[in-house]
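Quick notes on the structure that follows.
The values are calculated or read from the model by the stated rules, or taken from the named source; none is laboratory data. Remember, it's a predicted structure, so these values are computed and weren't measured experimentally. For neighbour counting, all protein chains shown are included, and Cβ atoms are generated from backbone atoms with ideal geometry for every residue, glycine included.
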Amino acid sequence: MKTPFLRFALALVALGLALSPMQVEAQLTMAQAQAAVDAAEAEARANGWNLTIYVADAEGVPLYLRRMDNAPARTTDIVMRKVHVVITTGGTSGAYGAALAAGTMDSIPGGIHYEGGLPIMMNGEIVGAMAASGARGSEDAQAVRAGLVAIGADAIR
């Protein structure tokens, strides 16, 4: 049996929910991170590259890391530093390197300027970052782009 006070409280809660739209930010899921890494690894295997592939959420919190057989150990540190640059700048790690070379951007502590780190954008919003390392920078970026396409992320220019 509902008391008048309980009915009143429930009515207030319902009214509050109706008047304030819920803000739901896009969020990268573990399933998306794994699917992106799977696709990037398939691209790497098709080209004979041994990569380390890493995905983090928009806060830079790790979601998924995979080091393929024969990928050099140092690539683990490199992918983390590429993702750090992406999260810090909102752009690609390659664009960061170009800006450093042009003198239009200051150095980011712990940052790395190699290609292969890209933001993960969904509906125009950055929801994470993905990086690969172990091949040439352009090849790392190619593998990452394959991963982004696989999860339907916005195209990165």
**OP:** Considering every residue within segment 90-112, establish whether at least one is surrounded by 15 or more Cβ atoms within 10 Å (Cβ to Cβ) and among the charged types (D, E, K, R).
**Re:** no
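Each row is one residue, and each column tells you yes or no for (1) out of contact with any Ser or Thr (no Cβ under 6 Å at 6 or more places or on another chain); (2) modelled with pLDDT of 95 or more.
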residue	(1), (2)
Ala95	yes, yes
Ala99	yes, yes
Thr104	yes, yes
Ile120	yes, yes
Asn123	yes, no
Ser133	no, yes
Arg145	yes, yes
Ile156	yes, no
Original post:
So, in segment 123-141, of the ones that are surrounded by fewer than 20 Cβ atoms within 10 Å (Cβ to Cβ) and polar (S, T, N, Q), which residue ends up nearest to Arg74 (Cα to Cα)?
Top reply: Ser138
**OP:** State all residues of segment 64-81 that are in contact (Cβ under 8 Å) with a residue 40 or more places away in the chain and assigned to a loop (DSSP other than H, G, I, E, B); if no residue qualifies, say none.
**Re:** Met68, Ala71, Pro72
Original post:
Out of curiosity, is Val86 in a helix (DSSP H, G or I), modelled with pLDDT of 95 or more and either in contact with a Cys (Cβ under 7 Å, 6 or more places away or on another chain) or at negative phi (or both)?
Top reply: yes
Subject >> Scan of segment 35-62 for residues that are surrounded by 13 or more Cβ atoms within 10 Å (Cβ to Cβ), over 14 Å from Ala132 (Cα atoms) and under 12 Å from the mean Cα position of the chain (by Cα), ordered by number >> reply: Asp57, Ala58, Gly60
**OP:** Within segment 105-152, work out how many residues are in contact (Cβ under 8 Å) with a residue 60 or more places away in the chain and assigned to a loop (DSSP other than H, G, I, E, B).
**Re:** 4
Subject >> Among (1) on the phi < 0 side of the Ramachandran plot; (2) over 11 Å from the mean Cα position of the chain (by Cα) - the single one Leu118 does not satisfy >> reply: (2)
Subject >> For Ala73: the one exception among (1) in contact with a Lys or Arg (Cβ under 9 Å, 6 or more places away or on another chain); (2) closer than 19 Å to Ala31 by Cβ >> reply: (2)
Subject >> Contacts under 6 angstrom Cβ, first residue in segment 48-62 being in contact (Cβ under 8 Å) with a residue 24 or more places away in the chain and more than 16 Å from Gly110 (Cβ to Cβ), partner of a type in the set (D, E, K, R) and in a strand (DSSP E or B), 6 or more apart >> reply: Thr52/Arg67; Ile53/Arg66
Original post:
How about segment 25-50: which of its residues are in a helix (DSSP H, G or I) and on the phi > 0 side of the Ramachandran plot?
Top reply: none
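Touching an Asp or Glu at 6+ places or on another chain (Cβ under 9 Å) and not small (Gly, Ala, Ser), is that true of Leu51? So that I can check it myself, show each step before the final result.
Working: touching an Asp or Glu at 6+ places or on another chain (Cβ under 9 Å): yes; not small (Gly, Ala, Ser): yes.
Yes; evaluated as a whole, the condition is true for this residue.
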Original post:
Taking Glu115 and the conditions (1) surrounded by fewer than 19 Cβ atoms within 10 Å (Cβ to Cβ); (2) modelled with pLDDT of 95 or more, which numbered condition does it fall short on, given that it satisfies the others?
Top reply: (1)
